[in-house]
Every structure is written in structure tokens, then in C-alpha cells.
Amino acid sequence: MTFFRKDEQLQQLGNQILSATWAEFPDLARNQIALTWIVYDPPVPVNTGGALSPQAFWNHEVRGFSYRGSDRIYPASVVKLFYLVAVYEWLEKGMIQTTAELERAIRDTIVDSSNDATSLVVDVLTGTTSGPELSHGPFQTWQLQRNIVNRYFHSLGWPELEAINVNQKTWCDGPYGRERIFVGELMENRNMLTTNATARLLHSIIGGVAVSSKASQSMMALMKRSLNPADLTTDDENQVTGFLGEGLPQNALLWSKAGWTSQVRHDAAYIEIPGKQPYLLVVFTEGRAHSKNKAILPFVSRQVAGAVDEADAGEM
């Protein structure tokens, strides 16, 4: 069960996009890519400034396509979207208080994808800190606290979130001490997401119903990306170059959160192109060779942008 309605037209277009991608990148295995694509038919229920109530928004049916959309995949920095929603929830409920340092960390977590900033956000969310190994009793308590973000998302009752795990920090060199023990000897407790779960969370943010209308607008402001080439040349890790934004025309509008490691390259984006229906696209790719390949995600993005014309609701 998913939050979007599958239809034959998008199924056909989605399969064509995947076929073109495999033809262009024959070394990309069938189980090394996952994709969720939502097309917003008029009247568009997203990016409205929070005009719809949560009930009206969730009752508004949307069309979509997914390939391996329920498969659990290590999300890299895409998980920061979940910590973003959680921290606004905590603030809204008065569970934590904002500070200048927390605001700086929230911004740097999304805008710059800083792992150091994310570490502070996770500490504030969970009331835990990194450090040396703990004895059994204190470590049990520490683990319970670190799972509070999981408990929050599971409490939403969304089927797409049942299989996710969002209790780990993001790292440059990797975890040490209690963090290394917590992730498991075989990394069995590492963060895991699906493209469907990521798509639903992003759908709620751009729909203005993640935490609150005001909070959703704040989150969208942090996710806004410039496609101006002058802005992109100053930063090698701008979350556009080598990702979905690179495959878009310059007049497009983009809100996104990318993630990459030596093993994965992902992106989750909401896109508006003048003259086309707006859409949401989440693409995860796996494999050491593919994580270094900056051409795959832009190629998929161009294919989807071209297919949106054919996905017009009036042509159904």
C-alpha cells in the first residue's frame, strides 16, 4: 500500500525511463537503482503555502510510479530530511528550545549537508552524545533514547515508514566508540530508507502538512537549490552537480536533498518546470562504481522531465 495511485500511463513511462537508463549505463544492475516518481495533476496540492488542511491534503489523490520503491537501502545524507522534520516537530511541541547554534546546525545539515551539523541535531533530538563505550545499563538507556526518532515516525502510522531505520548519525570517516557498537558488528543497525518512504515525507513537506504549515515553509526554504551555473561552480558538493538538478533546464525550480558515499548516490527532489506539471522524484543508486558516476542521476532526471509532457492528465 502506498500514498499514491499507480496508473498504467505512468507505469509505461516509468518503465521506458528505466529501460533508457539501463541502455545508457549497461553496468547498472537491475537491483542497483530504485525510483519513486509522483506527478501532480491540477489542481496541484503542493507548494501552496500551506493552503490545504492536513485532511484535505491527504484526501487529495496523486498518481505515481515506483520501481523497487519498498526496498530498504542505505540512504546516506537523505536521512537528514527525516531529522529535519523531527527537529521541527520537537520545536513545535516545546520538547526542545531553539538556540543560535541549533539554528545554524539545522541550516548546515540541509543546505551544506554537513555531517558535523547533523551530529548536533541528532544529539538535541535524542538527548544523547557520542563518546567511548558505555557499560550495559547506561548503554541500554542510551540506545532507547537514540530510537526516539524512529518511534516518532512509526507513530505516524504511514505504511511506507514501517521498515525504515533513522537512528544513526552520518559520518565522514565512520563511527567510533559507542556509535560503532550501536551500528552493529555487521552494520545491521545502520540507517535504512526506501524511495517510497522518502517520497511520502517529501510529499508532506511540499504539501505544507509536515509538522505545520509554517514549519513546512521553513523546511522548503532550506531545501531550495539554485540552478544558476555561477552558483554551482563555487562548490564541488552543491547537491545539484551530479544529481537530479543537473538534468533540469535553468528556468526550473528545485527543492532537494542529496546523499552520497563511496557506495551510494541518491537524490530526493521536488521540481517545477514552466509549462509542465510539477513532480516529485526520488532516485537511489547503489554500487561503488555508480556512486562515483555523476552522469546517472542527471540522465534519469532528463528522461523524467521529458516524460512529464506525456504524463499530462488530459492525455489519460
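The values are calculated or read from the model by the stated rules, or taken from the named source; none is laboratory data. Predicted, not measured: the structure shown is a model, and the values here were computed from it. No Cβ is skipped: glycine too gets one built from the backbone with ideal geometry, and neighbour counts run over all protein chains shown.
I'd like to know if the range 34-42 contains one or more residues that are out of contact with any Ser or Thr (no Cβ under 7 Å at 6 or more places or on another chain) and assigned to a helix (DSSP H, G or I).
Step one: list which residues in the range 34-42 are out of contact with any Ser or Thr (no Cβ under 7 Å at 6 or more places or on another chain), which gives 37-42.
With assigned to a helix (DSSP H, G or I) added as a condition, the list becomes none.
There is no residue in the range 34-42 that is out of contact with any Ser or Thr (no Cβ under 7 Å at 6 or more places or on another chain) and assigned to a helix (DSSP H, G or I).
Please go through the range 25-44 and give me each residue that is out of contact with any helix residue (DSSP H, G or I) (no Cβ under 7 Å at 6 or more places or on another chain) and of a type in the set (D, E, K, R), ordered by number.
Residue satisfying the conditions is Arg30 alone.
What tally of residues in the range 148-170 results from selecting those that are under 21 Å from Leu134 (Cβ atoms), of a type in the set (A, V, I, L, M, F, W, C) and within 17 Å of the chain's Cα centre (by Cα)?
Count: 1.
Taking Leu35 and the conditions (1) assigned by TED's automatic domain parsing to the domain that holds Arg151; (2) of a type in the set (A, V, I, L, M); (3) under 21 Å from Thr261 (Cβ atoms), which numbered condition does it fall short on, given that it satisfies the others?
Going through the list (1) assigned by TED's automatic domain parsing to the domain that holds Arg151; (2) of a type in the set (A, V, I, L, M); (3) under 21 Å from Thr261 (Cβ atoms), Leu35 breaks only (1).
Just a yes or no: is a residue in the range 251-268 at pLDDT 95 or above, part of a strand (DSSP E or B) and surrounded by fewer than 17 Cβ atoms within 10 Å (Cβ to Cβ)?
Within the range 251-268, the subset at pLDDT 95 or above is 251-268.
Right, trim to part of a strand (DSSP E or B) and you get 253-260, 264-268.
This time we only want the ones that are surrounded by fewer than 17 Cβ atoms within 10 Å (Cβ to Cβ), so: 253.
Within the range 251-268, one or more residues are at pLDDT 95 or above, part of a strand (DSSP E or B) and surrounded by fewer than 17 Cβ atoms within 10 Å (Cβ to Cβ).
Name the residue, out of Leu222, Leu232, Leu297, Leu280, that is among the aliphatic types (A, V, I, L, M), in contact (Cβ under 8 Å) with a residue 60 or more places away in the chain and closer than 23 Å to Cys172 by Cα. So that I can check it myself, show each step before the final result.
On the way: Leu232 fails: in contact (Cβ under 8 Å) with a residue 60 or more places away in the chain; Leu297 fails: in contact (Cβ under 8 Å) with a residue 60 or more places away in the chain; Leu280 fails: closer than 23 Å to Cys172 by Cα.
Answer to the check: Leu222.
Going through the range 1-30 one residue at a time, which ones are among the charged types (D, E, K, R) and either surrounded by 13 or more Cβ atoms within 10 Å (Cβ to Cβ) or within 24 Å of the chain's Cα centre (by Cα) (or both)?
Going residue by residue through the range 1-30, those that are among the charged types (D, E, K, R) are 5-8, 24, 27, 30.
Across the range 1-30, the qualifying residues are Arg5, Lys6, Asp7, Glu24, Arg30.
I'm trying to understand the selection: among the residues of the range 85-115, which are aliphatic (A, V, I, L, M) and either in a loop (DSSP other than H, G, I, E, B) or at pLDDT below 95 (or both)? Spell out the reasoning first.
Step one: list which residues in the range 85-115 are aliphatic (A, V, I, L, M), which gives 85-87, 91, 95-96, 100, 102, 105-106, 110-111.
Listed by number, the residues that qualify are Met95, Ile96.
Would you please name the residue that is nearest to Ser301 (Cα to Cα), looking only at residues in the range 4-33 that are part of a helix (DSSP H, G or I) and hydrophobic (A, V, I, L, M, F, W, C)? Before you say what the answer is, go through the steps one by one.
Here is the first cut: in the range 4-33, the ones part of a helix (DSSP H, G or I) are 8-24.
If we keep only those that are hydrophobic (A, V, I, L, M, F, W, C) too, we end up with 10, 13, 17-18, 20, 22-23.
Values: Leu10: 15, Leu13: 13, Ile17: 9, Leu18: 11, Ala20: 12, Trp22: 14, Ala23: 15 Å.
Applying the filter and picking the extreme gives Ile17.
Determine, yes or no, whether Thr128 is within 21 Å of Tyr176 (Cα to Cα), surrounded by 14 or more Cβ atoms within 10 Å (Cβ to Cβ) and out of contact with any strand residue (DSSP E or B) (no Cβ under 8 Å at 6 or more places or on another chain).
On the way: within 21 Å of Tyr176 (Cα to Cα): yes; surrounded by 14 or more Cβ atoms within 10 Å (Cβ to Cβ): yes; out of contact with any strand residue (DSSP E or B) (no Cβ under 8 Å at 6 or more places or on another chain): yes.
Against the criterion (within 21 Å of Tyr176 (Cα to Cα), surrounded by 14 or more Cβ atoms within 10 Å (Cβ to Cβ) and out of contact with any strand residue (DSSP E or B) (no Cβ under 8 Å at 6 or more places or on another chain)), Thr128 qualifies.
Of the conditions (1) farther than 30 Å from Glu133 by Cβ; (2) surrounded by fewer than 21 Cβ atoms within 10 Å (Cβ to Cβ); (3) touching a Ser or Thr at 6+ places or on another chain (Cβ under 9 Å); (4) of a type in the set (Ser, Thr, Tyr), Tyr176 clears all except one; give me its number.
(1)
Which ranges mark the helices (runs of 4 or more DSSP H) fully within the range 137-250 that have 1 or more residues being out of contact with any strand residue (DSSP E or B) (no Cβ under 9 Å at 6 or more places or on another chain) and of a type in the set (Phe, Trp, Tyr)? Walk me through it before giving the result.
Working: elements: 148-155, 178-183, 195-206, 213-223, 229-232.
Answer list for the range 137-250: 148-155, 178-183.
With the structure loaded, tell me whether Glu310 is at pLDDT below 95 and acidic (Asp, Glu) or whether it fails that test.
Working: at pLDDT below 95: yes; acidic (Asp, Glu): yes.
Against the criterion (at pLDDT below 95 and acidic (Asp, Glu)), Glu310 qualifies.
Determine whether Pro274 is in a loop (DSSP other than H, G, I, E, B) and either among the β-branched types (Val, Ile, Thr) or modelled with pLDDT of 95 or more (or both). Quick ask: steps written out before the conclusion?
Details: in a loop (DSSP other than H, G, I, E, B): yes; either among the β-branched types (Val, Ile, Thr) or modelled with pLDDT of 95 or more (or both): yes.
So Pro274 passes the test.
Given (1) outside any helix (DSSP H, G or I); (2) under 16 Å from Arg200 (Cβ atoms); (3) not assigned by TED's automatic domain parsing to the domain that holds Arg265, where does Phe82 come up short, assuming only one miss?
It is condition (1) that Phe82 fails.
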